[in-house]
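Let me begin by presenting the structure, written as structure tokens, before commenting on it.
The values are calculated or read from the model by the stated rules, or taken from the named source; none is laboratory data. Being a predicted model, the structure only gives us computed values, none of them experimental. So basically every Cβ, Gly included, is an ideal-geometry build from the backbone, and we count neighbours across all protein chains shown.
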Amino acid sequence: MQSIHGLMSSVIDYAGLYPPAQLEPSVVVRHYTELIASPRSWMLGRLVWPADKLAQLSDLAQGSAPRVEPPSTDGAWAVTCVLSPAGTAECTNDLAAIAAFNDRQSSPGEAAMRIDSVELRAGSVSAVERLVSALPDDVFPYFEVALDSDPRGVIAALVGEEAGVKFRTGGTTPQAHPAAGDLARGILSAAAAGVPFKATAGLHRALCHFNAAAGAKQFGFLNVFLGAAMAQARRIDIDGLTAFLTVESMDDIEFSERAIAWQGIRVSHEEIMDARSRLAHSFGSCSFDEPWDDLVAMELIRAVPSGGVA
């Protein structure tokens, strides 16, 4: 269906190094190599990598990523790099490491990769503003904001900038999971300001559910991204979005070729694509298989023997 493909296209930034998977770097690179070459790659986004392990990525990707062959190289890997908090000396060092990495990975014979986005904790509004000014124009930052306090100060500082916010939607402890109302406020604030977001943590399943290992209810990626499409289309308020973020059943969600609807709120394929482009960019996940398999089990996509989709 076009509607679900539009909602899920390039949506998963693969973060296998991070909890709960915490895979070895070599395993993460191997998995990403396999995914990007597979029929499932339509749902795959960037590779998530920490700044302090960039040299390791350069070495591991040799022979896996395409080689740089001027004047043009097809299939270069897009990487999003996790930095130290904005305004710290460590962040300054991380930015230097990114510049060195991008220079190296554009040299002939090297593994073709480019860091085109970064993720870091916001700290203060002034630190955010300084970092946005210091970044190269072709590197897009996502600033992580705390959802248990009002995020609108940081969001307001990013209006009109090539930058976004990052919402932490879960974790390995109950305390790491934001309240549904707080997440709804963050999404609606971002939509109203025209500032995009990415999400991270806890979005392995399609719909809200209780995760015994984390000891908490976790949001589903359909809750977050379909809810964002409703917010972008200005069809839902904070009470409605709070309720939708906790939906646990497909019973009230209607999927068709060109639209998705919930309780009379309908978003078209075009509106979904607009939301994905301008508001809800992606989510980081240490697993690609779990989100994929959940969509297959819900019969929203159809698995084929090669691991692709028909």
Check: Mind checking whether some residue in segment 127-145 is modelled with pLDDT of 95 or more, farther than 24 Å from Phe288 by Cβ, surrounded by 19 or more Cβ atoms within 10 Å (Cβ to Cβ) and in contact with a Phe, Trp or Tyr (Cβ under 6 Å, 6 or more places away or on another chain)?
Finding: no
Checklist line | Residue that is surrounded by the fewest Cβ atoms within 10 Å (Cβ to Cβ) [pool: residues in segment 55-75 that are in contact with a strand residue (DSSP E or B) (Cβ under 7 Å, 6 or more places away or on another chain) and among the hydrophobic types (A, V, I, L, M, F, W, C)] | finding: Ala61
Margin query: Just checking, does segment 227-247 include any residue being buried (at least 17 other Cβ atoms within 10 Å of the Cβ), touching an Asp or Glu at 6+ places or on another chain (Cβ under 8 Å), modelled with pLDDT of 95 or more and outside any loop (DSSP other than H, G, I, E, B)?
Written below: yes
Item checked: Scope segment 231-253; condition under 21 Å from Asn211 (Cβ atoms) and among the small types (Gly, Ala, Ser); matching residues -> Ala243, Ser249
Checklist line | Condition met for Arg104 (basic (Lys, Arg), surrounded by 14 or more Cβ atoms within 10 Å (Cβ to Cβ) and under 20 Å from the mean Cα position of the chain (by Cα)) | finding: no
Next item on the list: Go through segment 156-200 and count every residue that is hydroxyl-bearing (Ser, Thr, Tyr) and either part of a strand (DSSP E or B) or modelled with pLDDT of 95 or more (or both).
Entry: 3
Check: Quick check: anything in segment 59-66 at pLDDT 95 or above, among the aliphatic types (A, V, I, L, M), in a loop (DSSP other than H, G, I, E, B) and under 22 Å from Asp289 (Cβ atoms)?
Finding: yes
Next item on the list: Could you please tell me which pairs satisfy a Cβ distance under 8 Å, a separation of 6+ or placement on different chains, a first residue in segment 2-24 that is at positive phi and in a loop (DSSP other than H, G, I, E, B), and a second residue that is at pLDDT 95 or above and crowded, with 16+ Cβ neighbours inside 10 Å?
Entry: Ser10/Met43; Ser10/Leu44; Ser10/Gly45; Ser10/Ser282; Gln22/Cys286
Checklist line | Residue tally, condition at positive phi and of a type in the set (S, T, N, Q), over segment 260-281 | finding: 1
Notebook entry, point to check: Does Val309 satisfy the condition of being among the β-branched types (Val, Ile, Thr) and either at pLDDT below 95 or surrounded by 24 or more Cβ atoms within 10 Å (Cβ to Cβ) (or both)?
Noted result: yes
